[in-house]
Amino acid sequence: MVAHACGVYPEECCGIMLGTNSGPGKLVQQVLLLENVTLRGRRARYEVRPDDLLQAQKLAEKEGLVLSGVYHSHPDGDTSFSHTDLENSCPWYSFVVLSIRGGRFDSAAAWLPNAGQTSAEKEELIYPQQTQLRGD
């Protein structure tokens, strides 16, 4: 996810997370890099093709995994879940937002929208080698 986000900077990236949702949390085991197909300016928006979501769901089922969420980046922005993110969310998916500043990974946060898509709770996000991701 980080390499994808840094690779398309200064545009937003987007992708799908596949994994398991058993136990107290979700474990991402595979990511699918998707093309940001928005026509509204890729520096501040992302859009996923519905067919890409369908293919991701089919792959998850084939692999014995679940489609557990969507990730995208905020170029030169923070990891907040914006009003636009909330409006375009699905309450059954987790959403990871990656902050990319100057083309380098800064931080990440995970969000879970409520059923009405009126707010999102921050989820615990654990990722390995944090200092290496930052380039320290």
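The values are calculated or read from the model by the stated rules, or taken from the named source; none is laboratory data. None of these values were measured; they are calculated from a predicted model. Because the Cβ atoms are built from the backbone with ideal geometry, glycine has one as well, and the counts that use them run over all protein chains shown.
Per-structure values
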item: Boolean, Tyr127 is assigned to a loop (DSSP other than H, G, I, E, B), in contact with a His (Cβ under 8 Å, 6 or more places away or on another chain) and either in contact (Cβ under 8 Å) with a residue 12 or more places away in the chain or under 18 Å from Ala5 (Cα atoms) (or both); result: no
item: Filter result (more than 19 Å from Gly77 (Cβ to Cβ), in contact with a Ser or Thr (Cβ under 6 Å, 6 or more places away or on another chain) and of a type outside the set (D, E, K, R)) within the range 1-55; result: Met17, Gly19, Asn21, Leu27
item: Cβ-Cβ under 6 Å pairs, at least 6 apart or on other chains, the range 1-15 side surrounded by fewer than 20 Cβ atoms within 10 Å (Cβ to Cβ) and in a loop (DSSP other than H, G, I, E, B), far side modelled with pLDDT under 95 and not hydroxyl-bearing (Ser, Thr, Tyr); result: Pro10/Arg43; Glu11/Arg42; Glu11/Arg43
item: Residue satisfying condition, being of a type in the set (Gly, Ala, Ser), touching a strand residue (DSSP E or B) at 6+ places or on another chain (Cβ under 9 Å) and closer than 20 Å to Thr118 by Cβ, within set Gly69, Gly77; result: Gly69
item: Qualifying residue in the range 112-119 (condition: farther than 17 Å from His4 by Cβ and either basic (Lys, Arg) or part of a strand (DSSP E or B) (or both)); result: yes
item: Answer from Leu54, Leu67, Leu98, Leu59 - the residue that is among the hydrophobic types (A, V, I, L, M, F, W, C) and without any contact (Cβ under 8 Å) to a residue 12 or more places away in the chain; result: Leu54
item: Those residues of the range 54-100 which are in a helix (DSSP H, G or I) and buried (at least 16 other Cβ atoms within 10 Å of the Cβ), in sequence order; result: Ala56, Ala60, Asp85, Leu86
item: The range 23-37 residues that are farther than 11 Å from Val66 by Cα, paired with ones that are among the basic types (Lys, Arg) (beta carbon under 7 Å, 6 or more apart); result: Asn36/Arg42; Val37/Arg49
item: Within the range 35-53, tally of residues that are among the small types (Gly, Ala, Ser) and either more than 15 Å from the chain's Cα centre (by Cα) or buried (at least 18 other Cβ atoms within 10 Å of the Cβ) (or both); result: 1
item: Single match in Thr20, Thr79 (criterion: more than 15 Å from the chain's Cα centre (by Cα) and of a type outside the set (Gly, Ala, Ser)); result: Thr20
